[in-house]
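The values are calculated or read from the model by the stated rules, or taken from the named source; none is laboratory data. Source: prediction; values computed, not measured. Please note: Cβ atoms are built from the backbone with ideal geometry, for glycine as well, and neighbour counts cover all protein chains shown. These accessible areas exclude ligands, DNA and RNA; they are computed on the full protein's heavy atoms, side chains included. Shrake-Rupley method; radii C 1.70, N 1.55, O 1.52, S 1.80 Å.
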Amino acid sequence: MAKSYNQKGKILYLERILQGTGENHTVSMQEILDELTEQGISAERKSIYDDMEVLRLFGMDIRYKRGKSGGYYLAGKANGQTSANEQETVDGQCAVKEQREAEPVWVIERKQSQKEEKQIKLLCEEAARPQVQRWFGPQVQYKEKELGYFTAVVQTAEDPEFYGWLTRMGKSVHIAKPKKAGQAYRDYLKSLAREYKGI
């Protein structure tokens, strides 16, 4: 294959590399770069971090295991959920989420982004209630709407973590207010799509 052709498929090669990993079989950043080089693909660490974030947005549970034998690996089912007693690097830039025993996801996320949180109103399908409650917690203001829908007023940071969860929820959860939040999410998705135009 021509090098330029392979370059466009970089994220697909990265996905294939990660599919062969597990908690007891990790891959380092250097090993990823070496493997891509063998495929005729040049890449920098930052671009790999960006690609990993895109794969997370589409549901791959990519984690980072610290220590001498540590590295990146694909954990469990690709549903974005995390387990207690684990530490994972969110974006490859030392943004480590400390998972504490018995603490639900919404508690951990709230601790990380308190300074950047904004109030956002979500319109949700009834079937999405368990996922919404697990992510944001029981103290959130929920209100029944028309049949089969409810709203949730949440405090959250408009960051890749929130956007990733929102993407995984698909059409079952929408940003209702403020409009700027919806526009920011749309622009974020567009910026990601532009990165892979032509693949």
In the range 99-139, residue modelled with the lowest pLDDT [restricted to those that are acidic (D, E) and either in a helix (DSSP H, G or I) or closer than 19 Å to G182 by Cβ (or both)]: E109
Would you be able to tell me the number of residues in the range 39-49 that are in a helix (DSSP H, G or I) and open to solvent by less than 70 Å² (accessible area, probe 1.4 Å)? 3
In the range 55-66, what count of residues is obtained for those that are at pLDDT 85 or above and part of a helix (DSSP H, G or I)? 1
Can you pull out the residues in the range 176-190 that are part of a helix (DSSP H, G or I), of a type in the set (A, V, I, L, M, F, W, C) and open to solvent by less than 60 Å² (accessible area, probe 1.4 Å)? A181, A184
Which ones in the range 1-14 are open to solvent by 60 Å² or more (accessible area, probe 1.4 Å) and at pLDDT 85 or above? L12
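Residues are listed down the side, and each one gets a yes or a no for (1) touching a strand residue (DSSP E or B) at 6+ places or on another chain (Cβ under 8 Å); (2) not aliphatic (A, V, I, L, M):
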site: Q139; (1), (2): no, yes
site: Y142; (1), (2): yes, yes
site: A152; (1), (2): yes, no
site: Q155; (1), (2): yes, yes
site: H174; (1), (2): yes, yes
site: K177; (1), (2): yes, yes
site: Q183; (1), (2): no, yes
site: L192; (1), (2): no, no
site: K197; (1), (2): no, yes
Residue list for the range 21-38, filter: open to solvent by 50 Å² or more (accessible area, probe 1.4 Å) and part of a loop (DSSP other than H, G, I, E, B): E23, N24
Collect the residues in the range 154-164 that are open to solvent by less than 40 Å² (accessible area, probe 1.4 Å) and out of contact with any Ser or Thr (no Cβ under 9 Å at 6 or more places or on another chain), keeping them in residue-number order. V154, Y163, G164
Over the range 140-175, the set of residues modelled with pLDDT under 85, part of a helix (DSSP H, G or I) and not acidic (D, E) is P160
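Residue-by-condition table, conditions (1) on the phi < 0 side of the Ramachandran plot; (2) in contact (Cβ under 8 Å) with a residue 40 or more places away in the chain; (3) out of contact with any strand residue (DSSP E or B) (no Cβ under 6 Å at 6 or more places or on another chain):
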{"residue": "K8", "(1), (2), (3)": "yes, yes, yes"}
{"residue": "R16", "(1), (2), (3)": "yes, no, yes"}
{"residue": "S28", "(1), (2), (3)": "yes, yes, no"}
{"residue": "L33", "(1), (2), (3)": "yes, no, yes"}
{"residue": "S47", "(1), (2), (3)": "yes, no, yes"}
{"residue": "M52", "(1), (2), (3)": "yes, yes, no"}
{"residue": "Y64", "(1), (2), (3)": "yes, no, no"}
{"residue": "G67", "(1), (2), (3)": "no, no, yes"}
{"residue": "G70", "(1), (2), (3)": "yes, yes, yes"}
